[in-house]
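Below is one structure; the comments refer to it alone.
Here, each number is a calculation from the coordinates, and none is a lab measurement. Note that this is a predicted model, so its numbers are computed, not measured. Neighbour counts are summed over all protein chains in view; Cβ atoms, including those assigned to glycine, are modelled from backbone coordinates with ideal geometry.
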Amino acid sequence: MPKEPTPALSTQGLRRMFARNPIVEHFGLEVVSIETGEAVLRFPYRKEFTQYQGAVQGGVISAYADAAIAVAMATVAPDERDFTTTDLHVWFLRPLTSGPILARAKVVNRGKTLLLGSAIVEVEGGEVCARAMATNMLISPRTP
């Protein structure tokens, strides 16, 4: 049975979160699913994000994983708090040379100050291309 996302991640909450984040439009991010502590995002394969060998550049893959982890984190972060990534570790397993691309994330541990999340990045219906782990710190909200 799917878990309900927190009120902060209602459709309107997502719109607010993404409206303040121009990278969402740049990457063509699409939200596939959100549950409490979990998120699946879809990205198109775009030639302009590839390196000289035709594979999606590692920094872009890292950004996909980080975005998915952030959405998963947002489902468990207290409404009065914001959060920021303190570290991100990515293991590249194979080249990512087609799409669409899925980034699947989940919250692994939720502490009072730190949140630990994991993600996989894969070709939709295909093999896992990268795995990632990130730590996020709960902080006071920032005003843009």
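Projected label points at Lys112 and Glu30, each 7 Å from Cα along the beta carbon direction, are separated by 4.3 nanometres. If you take all other residues with their beta carbon under 13 Å from the beta carbon of Ala67, and give Lys and Arg +1 and Asp and Glu -1, the sum is -1. Over region 77-144, the fraction of Cα-Cα pairs per 10 Å bin, rounded to whole percents and listed from the shortest bin up, is 20, 40, 26, 14, 0.
Note down the net charge around Leu96, summing +1 for each Lys or Arg and -1 for each Asp or Glu among other residues with Cβ under 12 Å from its Cβ.
It works out to a net charge of -1.
Computed with the Debye formula from one identical point scatterer per Cα of region 7-139, without solvent, the log10 of I(q)/I(0) at q = 0.22 Å⁻¹ comes to -1.34.
Applied to region 51-63, the Karplus parametrisation 6.51 cos²θ - 1.76 cosθ + 1.60 on θ = phi - 60° returns per-residue 3J(HN,Hα) values of 9, 4, 8, x, 8, 4, 4, x, x, 5, 4, 4, 5 Hz, with x for Gly and Pro.
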